[in-house]
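K.L.:
Sending over a structure as structure tokens; questions will come in a sec.
The values are calculated or read from the model by the stated rules, or taken from the named source; none is laboratory data. Bear in mind the structure is a predicted one, so any value in this text is a computation, not a measurement. Backbone-built Cβ (ideal geometry, glycine too); neighbour counts: all protein chains shown. Keep in mind that these areas ignore ligands, DNA and RNA; they rest on the heavy atoms of the full protein, side chains included. Shrake-Rupley method; radii C 1.70, N 1.55, O 1.52, S 1.80 Å.
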Amino acid sequence: MSITTEPALQKTVEDAAAHLYVWSLKDIPQDLRDALRDASERETHPVGKRILETINTNVAVADERKNLVCQDTGLAVYYARVGERFPLHPARIEEGLREGTRRATLEHPLRSNTVHTLTREATGDNTGHRIPHIHWEFVPDWDGLDVKCVPKGSGSENMSFLKMLVPADGVKAIKRFVLDSIVGAGGKPCPPGIVGVGIGGSADLAMHLAKEAIARPVGTVNPDPEVAALEQDLFQLLNETGVGPMGLGGDTTVLSAHVEQAHTHITLNPVAVNYQCWAARRATAHIAADGSVEMDREA
Amino acid sequence: MAHHEIEFPTVEEAVRELRAGDTVTIQGHIIGIRDATQIRIFDRGQEPPMSLSGAALLHTAPNVRKLADGRYEPMCIGTTTSARMSRFTEALIRDHQVRAIIGKGGLLAEALEPLHEHGGVYFAIVGGAAALETTQIEEIEQVEWEDLMPECLWKFRVRDFGPLIVGMDTHGESLYENVQAEARRRLDESIYEKL
């Protein structure tokens, strides 16, 4: 193993982030491509089918022209899994991700969306106070770092919902809230996409979990069988609503429903919904302690 | 479900023929507009520096590159969610004779009345399909209010722009409202019972 210095490793993280941000915007993962193709073949509603065919054409055009799949370059969100023996402190990892985001925006160039919430003044480089946002997970007995970049467009992010249900309402109320949220959102979040649901914890944790849920590949199942059954139920019920592609009617309202849960308080029953549009962009870098990097579109 | 090919700018009669569910391809010109552009026109009372008469407007904030001669080259042009800008519909059609608004997700139901009254339609584009949309834009011919970048007023010359679906027509019909009503009926009549 080669010996690498902390500045060199931080530069590696920065380069990886700069690459991931642009790459994820252009080259969507295979699980999503498969899900969109299957949906297009199954769809029986003529408008819905036309829309799904256009989406698939668009993915192919983005490949051919090496262009962005969607113009909304989003807010860059990163999911960092840090091994306890990875030889770079998370403070430096954060700095690398931030600088990589900035560089990608200015060098490509990418549209910058980041503004001050009150003055609406643009920063111009897709970074800002507490932006990009990073989800952290720390892994014992490991010396690696996984960084997943998930640029999230605003059309779908605007369709985020939280409700503090009461325990007596049970899982029935959770399902009803998800259904009402997705029907109410209609075509605004660019369906068919991935519905992320966070249940349990506190209000902030529920939304955090919903956001983790949308970053999972289509076809993955929660390891808890109770939660997996809820995912399957929601998937079927959501597709019975007929909202369809772009909210214009059809069989395909969602490609997948993902649920993440945490334990909660005896008097709490929180549910959060975060919608991920069909252009579910994500890309991952696996970074080893020696600074070697493996890029991964599928994680 | 008829298909129409329309050259924009166009006249009121042309859009009054369209029915919700029809598909449309646009030739000619469309004008890009967004939240900040319309806030300037209607809330700050500034006259737009290009004519909107007969126009098809596109809810967009494009990714562009500025060339040495001051012109802009399209990099990735896509469409944003329209509902946020619903309140501008009446003034756009009544005062500026806009004939079509292109966006995704639909305008709020309150826009149906001014679309009917003053003669305008809403075209649904496939949201997120920006790579394809960019290939249908031949040139950015004019840019005004560059200080609002990327929410300027953009004049695009387009070819075979679409597919677009008539989401809301001049006859009071909205595909979005129909789909919502049907979804709520399904929830009430069968889905809630399964929870």
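K.L.:
Among the residues of the stretch A:98-112, are any touching a Lys or Arg at 6+ places or on another chain (Cβ under 8 Å) and of a type outside the set (S, T, N, Q)?
P.N.:
yes
K.L.:
Looking at this structure, is A:Thr117 in a loop (DSSP other than H, G, I, E, B) and not hydrophobic (A, V, I, L, M, F, W, C)?
P.N.:
Values: in a loop (DSSP other than H, G, I, E, B): yes; not hydrophobic (A, V, I, L, M, F, W, C): yes.
Spelling it out, A:Thr117 is indeed in a loop (DSSP other than H, G, I, E, B) and not hydrophobic (A, V, I, L, M, F, W, C).
K.L.:
With (1) within 14 Å of chain B (Cβ to nearest Cβ); (2) free of Cβ contacts under 8 Å to residues at least 60 places away in the same chain as the list, and A:Thr105 as the residue in question, which single condition is left unmet?
P.N.:
That leaves (2) as the condition not met.
K.L.:
Has the stretch A:82-105 got any residue that is touching a Ser or Thr at 6+ places or on another chain (Cβ under 9 Å), aromatic (Phe, Trp, Tyr) and open to solvent by less than 20 Å² (accessible area, probe 1.4 Å)?
P.N.:
The answer is no; no qualifying residue exists.
K.L.:
Only one residue in A:Phe177, A:Phe161 is more than 9 Å from chain B (Cβ to nearest Cβ) and under 19 Å from the mean Cα position of the chain (by Cα), so which one is that?
P.N.:
Of A:Phe177, A:Phe161, the one residue that is more than 9 Å from chain B (Cβ to nearest Cβ) and under 19 Å from the mean Cα position of the chain (by Cα) is A:Phe161.
K.L.:
Output the number of residues of the stretch A:67-103 satisfying the condition of being in a helix (DSSP H, G or I) and over 19 Å from the mean Cα position of the chain (by Cα).
P.N.:
So the answer is 9.
K.L.:
Let me ask something else about it. Would you check which residues across the stretch B:153-174 are over 24 Å from B:Glu7 (Cβ atoms) and buried (at least 19 other Cβ atoms within 10 Å of the Cβ) and list them?
P.N.:
Once the filter is applied, which keeps residues that are over 24 Å from B:Glu7 (Cβ atoms) and buried (at least 19 other Cβ atoms within 10 Å of the Cβ), the stretch B:153-174 yields only B:Ser174.
K.L.:
Working carefully through the options B:Arg87, B:Arg99, find the one that is among the charged types (D, E, K, R), open to solvent by 10 Å² or more (accessible area, probe 1.4 Å), modelled with pLDDT of 95 or more and under 16 Å from B:Gly54 (Cα atoms).
P.N.:
B:Arg99
K.L.:
Is it true that some residue in the stretch A:25-48 is farther than 30 Å from B:Thr135 by Cβ, in contact with a helix residue (DSSP H, G or I) (Cβ under 7 Å, 6 or more places away or on another chain), part of a loop (DSSP other than H, G, I, E, B) and modelled with pLDDT of 95 or more?
P.N.:
The answer is no; no qualifying residue exists.
K.L.:
When you go through B:Thr37, B:Thr25, B:Thr60 one by one, which is the residue that is open to solvent by less than 30 Å² (accessible area, probe 1.4 Å), touching a His at 6+ places or on another chain (Cβ under 9 Å) and modelled with pLDDT of 95 or more?
P.N.:
It is B:Thr25.
K.L.:
Sort out for me the strands (runs of 3 or more DSSP E) sitting completely within the stretch B:69-179 that have 3 or more residues that are away from chain A (no Cβ under 14 Å) and touching a strand residue (DSSP E or B) at 6+ places or on another chain (Cβ under 6 Å).
P.N.:
In the stretch B:69-179, B:137-144, B:153-168 are the strands (runs of 3 or more DSSP E) which contain 3 or more residues that are away from chain A (no Cβ under 14 Å) and touching a strand residue (DSSP E or B) at 6+ places or on another chain (Cβ under 6 Å).
K.L.:
State which residue pairs qualify: first residue over 20 Å from B:Ala130 (Cβ atoms) and inside the stretch B:140-163, second residue part of a strand (DSSP E or B) in any location, beta carbons under 6 Å apart, and separation of 6 or more residues or different chains.
P.N.:
Cβ pairs passing all conditions: B:Gln142/B:Lys155; B:Glu144/B:Leu153; B:Trp145/B:Leu153.
K.L.:
Sticking with this structure for a sec: Return yes when A:Ser112 is surrounded by fewer than 23 Cβ atoms within 10 Å (Cβ to Cβ), assigned to a loop (DSSP other than H, G, I, E, B) and touching a helix residue (DSSP H, G or I) at 6+ places or on another chain (Cβ under 6 Å) and no when it is not.
P.N.:
yes
K.L.:
Looking at A:Gly187, A:Gly242, A:Gly198, which is the one that is within 11 Å of chain B (Cβ to nearest Cβ) and buried (at least 24 other Cβ atoms within 10 Å of the Cβ)?
P.N.:
Within the list A:Gly187, A:Gly242, A:Gly198, the selection yields A:Gly187.
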